[in-house]
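Chemist: My structure is below; once you've seen it, I'll send some questions.
The values are calculated or read from the model by the stated rules, or taken from the named source; none is laboratory data. Treat the numbers as computed from the prediction; the structure is a model and nothing was measured. Virtual Cβ from ideal backbone geometry, glycine too; neighbours counted across all protein chains shown.
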Amino acid sequence: MLKVGLTGGIASGKTTVGEMLVRLGAKLIQADAIAHQLMQPGEAVYEEVVRRFGEAILNADRTISRAKLAEAVFGASASPCRIKQLNGIVHPEVIRRQEQWMEEVGRQRADVVAVVEAALILEAGVAQRFDRLVVVTCHFEQRIERWARRLHTDLESARREVTRRMAKQMPDDRKIQVADQVIDNSGSLENTERQVRAAYSTLAEAAVKQMTDAALAGQKNKKAKHES
Ligand code: ATP
């Protein structure tokens, strides 16, 4: 199995590229989806978030209100350590579930390309958990336009939101420096798809090599044990 981290800045096209990889045969999980699941009633993370941030973040049905939680974490009266506290509760469990998921898909098929899509792989310092890092990029203005189109909002609010979020992310040029593969999503979807196909073929080859190397190492170990 090859563990692949798929990352990139806000509205760069991570999900779009992830969907293309899945169509080519990769397995994929989104860190956002895991975090969303962990915030559901009954999960230990849910309990801890409510304990730390108070019942004021809950909706009437006791689900966590994303808007109220965002206000408690980022609002004008929130202390800057609130985001650290929230990440400290959520991130370790997101990582644990990602690892669990990768082990599971690897058990089902040893030559699988297992992709974790997450915006903050580099910022969170977890890049070393992956065998390969794929970074998606596009121009700043395109992010604003695409964000606005996706959320049916005006360009000015999109600009504010994209700028605010980008300020918390590592700049693209630094992400590109450490990437194994870069997908330039500033052109048409067809253009992106061509790059993704080429990237997937390299990743799939590496996955097969990883599987073969692991099998050979297993055989060597067996032989060494048998001889000793
Ligand atoms: P987020 O950071 O919000 O998770 P993302 O990085 O996953 O976003 P996408 O959701 O894949 O980005 O793309 C943002 C928007 O731009 C989507 O509406 C998508 O359909 C559109 N989009 C992505 N790539 C292209 C492209 N090459 N041309 C035109 N539109 C695109």
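Chemist: What are the residue pairs meeting all of these: first residue in the stretch 73-90, first residue under 15 Å from Met39 (Cβ atoms) and in contact (Cβ under 8 Å) with a residue 40 or more places away in the chain, second residue aliphatic (A, V, I, L, M) and surrounded by 15 or more Cβ atoms within 10 Å (Cβ to Cβ), Cβ atoms under 8 Å, and 6 or more apart or on different chains?
Modeler: Ile89/Val45; Ile89/Val49; Val90/Ala35; Val90/Leu38; Val90/Met39; Val90/Val45; Val90/Val49
Chemist: Taking helices (runs of 4 or more DSSP H) that fall entirely within the stretch 1-90, which contain at least 1 residues that are among the hydroxyl-bearing types (Ser, Thr, Tyr)? Please lay out each step first, then the result.
Modeler: Numbers: elements: 14-24, 31-38, 44-53, 66-74.
Once the helices (runs of 4 or more DSSP H) in the stretch 1-90 are filtered for at least 1 residues that are among the hydroxyl-bearing types (Ser, Thr, Tyr), what remains is 14-24, 44-53.
Chemist: Could you check the stretch 127-145 and list, in sequence order, the residues that are crowded, with 19+ Cβ neighbours inside 10 Å and within 24 Å of Ala35 (Cα to Cα)? Before the answer, list the steps.
Modeler: Initially, the stretch 127-145 is screened for residues crowded, with 19+ Cβ neighbours inside 10 Å, giving 130, 132-138, 143-144.
Across the stretch 127-145, the qualifying residues are Phe130, Arg132, Leu133, Val134, Val135, Val136, Thr137, Arg143.
Chemist: Something else about it: For a quick check of your reading of the model, give me the residue pairs whose first member lies in the stretch 10-22 and is within 14 Å of Gln169 (Cβ to Cβ) and assigned by TED's automatic domain parsing to the domain that holds Leu120, whose second is outside any helix (DSSP H, G or I) and more than 6 Å from the ligand (Cβ to nearest atom), with beta-carbon atoms closer than 7 Å and at least 6 apart or on different chains.
Modeler: Sorted first by the residue in the stretch 10-22, then by its partner, the pairs are Ile10/Gln169; Ser12/Val136; Ser12/Thr137; Ser12/Cys138; Lys14/Leu6; Lys14/Thr7; Lys14/Glu117; Lys14/Val136.
Chemist: Take the residues in the stretch 10-42 that are among the small types (Gly, Ala, Ser) and near the ligand (Cβ under 7 Å from one of its atoms); name whichever of them is nearest to Ala60 (Cα to Cα). Let's see the steps before the verdict.
Modeler: Step one: filter the stretch 10-42 for residues among the small types (Gly, Ala, Ser), giving 11-13, 18, 25-26, 31, 33, 35, 42.
Still in the list and also near the ligand (Cβ under 7 Å from one of its atoms): 11-13.
Working: Ala11: 32, Ser12: 35, Gly13: 35 Å.
Here the residue is Ala11.
Chemist: Quick test of your reading of the structure: Ile183 fulfils all but one of (1) over 20 Å from Glu123 (Cα atoms); (2) of a type in the set (A, V, I, L, M, F, W, C); (3) crowded, with 17+ Cβ neighbours inside 10 Å; (4) touching a helix residue (DSSP H, G or I) at 6+ places or on another chain (Cβ under 8 Å). Name the failing condition by number.
Modeler: Here Ile183 clears every test but (1).
Chemist: Still on this model: Which condition from (1) out of contact with any strand residue (DSSP E or B) (no Cβ under 8 Å at 6 or more places or on another chain); (2) more than 12 Å from the ligand (Cβ to nearest atom) is the one that Arg146 breaks?
Modeler: Against the list (1) out of contact with any strand residue (DSSP E or B) (no Cβ under 8 Å at 6 or more places or on another chain); (2) more than 12 Å from the ligand (Cβ to nearest atom), Arg146 comes up short only on (2).
Chemist: Right, another one. List pairs: first in the stretch 212-226 and in contact (Cβ under 8 Å) with a residue 60 or more places away in the chain, second assigned to a helix (DSSP H, G or I), Cβ under 7 Å, 6+ apart or cross-chain?
Modeler: none
Chemist: Here's something else I'd like to know. Please determine, by comparing only the residues of the stretch 166-180 that are assigned to a helix (DSSP H, G or I) and free of Cβ contacts under 8 Å to residues at least 40 places away in the same chain, which one is surrounded by the most Cβ atoms within 10 Å (Cβ to Cβ).
Modeler: At the first step, the residues of the stretch 166-180 found to be assigned to a helix (DSSP H, G or I) are 166, 172-178.
From what is left, the residues that are free of Cβ contacts under 8 Å to residues at least 40 places away in the same chain are 173, 177.
Working: Asp173: 8, Gln177: 10.
If we take residues in the stretch 166-180 being assigned to a helix (DSSP H, G or I) and free of Cβ contacts under 8 Å to residues at least 40 places away in the same chain, then Gln177 is surrounded by the most Cβ atoms within 10 Å (Cβ to Cβ).
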